[in-house]
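Trainee: Would you mind keeping the following structure in view while I ask a few things?
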Amino acid sequence: MSVIASRILLVDDAEVEYLTMQRMLQKIPGFRATLDWVSRFDEAATAIDRKEHDLYLVDFRLGPRSGLDLIRDARDRGNIKPIIVLTGHGDPMVDQAATEVGANDYLVKGEFDATVLERAMRYATRQARTLATLDRRLVECRTTARKLVVQSERRAAAEADVLKVLRQTMIDQETERKRIARELHDNLGQMVTLVQFGLDALARGTPTAASLAEKVASLKHIVNDLSTSLHRVAWEVRPTALDTLGLEDAVSQLVASWEPHCSLVFDLHLGLGERRLPADIESALYRIVQEGITNVVRHAHATRVGVILEFRGSDVICIIEDDGCGIPPEQADEHSSRRLGLVGMRERLALVDGTVELETETGHGTALFVRVPLGAPS
């Protein structure tokens with residue numbers, strides 16, 4: 001037979017019950033177990049708390065106290081070992097009460113023998129193991145449920161961030177469309193109108209050579225301004241150097257376009273060489289450099305800004321750092337992330353499996369670290 005228990009505790013206020021139980025256990029074929037005995041409620045509670053026994057036999061009555069209270073306390077303290085209630089009177093109510101407090105079975109004194117006792121201990125042990133397994137699975141299910149709740153909350157937060165980015169992107173796109181429309185209407189449209197008026201004036205009259213030369217020179221000046229403005233608008237929408245010459249030249253031209261309009265000293269370290277990156281990576285890095293420089297100009301109060309583009313192993317690294325005022329700790333929150341466009345940068349980099357990190361210290365500037373993994377060079 002399989003081992004039921006190697007150490008059993010009997011809780012009963014009558015020594016004769018201990019002697020009777022000891023003789024009965026000895027009659028079970030092949031069964032060897034140590035039977036310990038305590039007669040008082042407090043001693044039993046202490047012994048059960050130690051969890052040194054494999055099975056407990058608890059008398060229903062323990063003087064003025066109830067064995068059911070002992071069982072209930074044991075279960076409340078996390079003891080899951082098999083417990084059998086011993087009672088002097090067979091009663092369905094006793095069975096129900098014993099089950100409700102966590103007992104695995106009950107036996108009526110004087111109405112069971114060694115065979116019944118062995119079967120009761122075996123069934124109680126099996127039931128206790130089953131309940132322990134169920135409890136463990138319930139804990140695992142609850143743990144899994146909590147993890148799912150956390151993941152769901154994180155997913156909801158991520159989706160909310162994505163929605164914010166999409167909304168802001170739509171707002172930025174609409175703002176950019178309006179700006180370009182105003183530029184085309186107010187500036188470029190005015191230049192085209194002036195050219196039309198000039199050409200109409202030439203068509204209506206017969207100007208002298210000097211007058212004609214003056215009018216043609218004026219029209220050439222307007223057309224030259226028109227061409228410059230068109231080139232600038234086209235550059236802002238999509239720099240042609242990014243497609244034709246590559247990321248290094250596009251960044252160099254971007255810096256050159258900023259230098260006349262700000263007091264910053266730019267320090268460029270471009271180490272990509274002649275190797276071209278995939279178009280989506282070049283576009284992402286260019287826009288991040290563009291956004292990073294814009295942030296420095298608007299917020300950093302800096303005098304110098306450095307831009308580094310280089311390969312490190314199988315990654316391309318982009319670092320934008322300044323010597324400005326930095327971001328105070330109390331302001332380095334989600335609002336600052338949105339203000340500096342970090343959420344948009346992360347979303348843009350996520351499309352190329354890249355990452356971005358921000359390091360800042362009040363009074364000591366800010367550094368933006370971007371890493372994008374690359375495949376093996378072709």
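Trainee: What accessible area per residue, rounded to a whole number of Å², is obtained for the chain using a probe radius of 1.4 Å? Numbers along the way, then the final one.
Mentor: Numbers: 22530 Å² over 378 residues.
It amounts to 60 Å² per residue over the chain.
Trainee: Along the principal axes of its C-alpha atoms, what lengths does region 121-160 span, in descending order and rounded to whole Å?
Mentor: 57, 6, 5
Trainee: Which residue fluctuates most in the GNM of the chain (Cα springs below 10 Å): Ile308, Ile288, Ile28?
Mentor: Ile28
Trainee: Express as a percent, rounded to the nearest 5, the fraction of DSSP beta bridges in the chain (both residues included) that run antiparallel.
Mentor: On the way: 23 of 47 bridges.
Beta bridges within the chain, antiparallel portion: roughly 50 percent.
Trainee: Something else now. Ignoring everything but the protein chains, give the 1.4 Å probe accessible area of His299 in square angstrom, nearest 10.
Mentor: 60
Trainee: Is the shape of region 65-111 rounded, prolate or oblate, going by the alpha carbon gyration tensor and its root eigenvalues a ≥ b ≥ c, with a/c under 1.5 for rounded and a/b larger than b/c for prolate?
Mentor: Working: a/c = 2.06, a/b = 1.89, b/c = 1.09.
Judged from the Cα gyration tensor, region 65-111 comes out prolate (a/c at least 1.5, a/b above b/c).
Trainee: Sorted from largest to smallest, which semi-axis lengths in Å does the alpha carbon gyration tensor of region 278-321 give for its equivalent ellipsoid, taking the root of 5 times each eigenvalue?
Mentor: Taking √(5λ) for each eigenvalue gives 22, 13, 5 Å, largest first.
Trainee: Share of the chain's accessible area from carbon and sulfur, percent, 1.4 Å?
Mentor: Here carbon and sulfur together make up 53 percent of the probe-accessible area.
Trainee: Can you tell me the Rg and the Dmax, both Å, for the Cα atoms in the chain?
Mentor: Expressed in Å, the Cα Rg and Dmax of the chain come to 42.3, 141.
Trainee: In terms of the Cα gyration tensor, with a ≥ b ≥ c the square roots of its eigenvalues, is region 14-84 rounded because a/c is under 1.5, prolate because a/b exceeds b/c, or oblate?
Mentor: Cα axes put region 14-84 in the oblate bin.
Trainee: Using the Cα gyration tensor of region 86-151, with a ≥ b ≥ c the square roots of its eigenvalues, what is the shape: rounded (a/c below 1.5), prolate (a/b larger than b/c) or oblate (neither)?
Mentor: Working: a/c = 7.46, a/b = 2.56, b/c = 2.91.
Cα axes put region 86-151 in the oblate bin.
The values are calculated or read from the model by the stated rules, or taken from the named source; none is laboratory data. What you are looking at is a predicted structure, and each value in this text was computed from that prediction instead of being measured. Heads up: the accessible areas ignore ligands, DNA and RNA and are worked out on the full protein's heavy atoms, side chains in. Shrake-Rupley method; radii C 1.70, N 1.55, O 1.52, S 1.80 Å.
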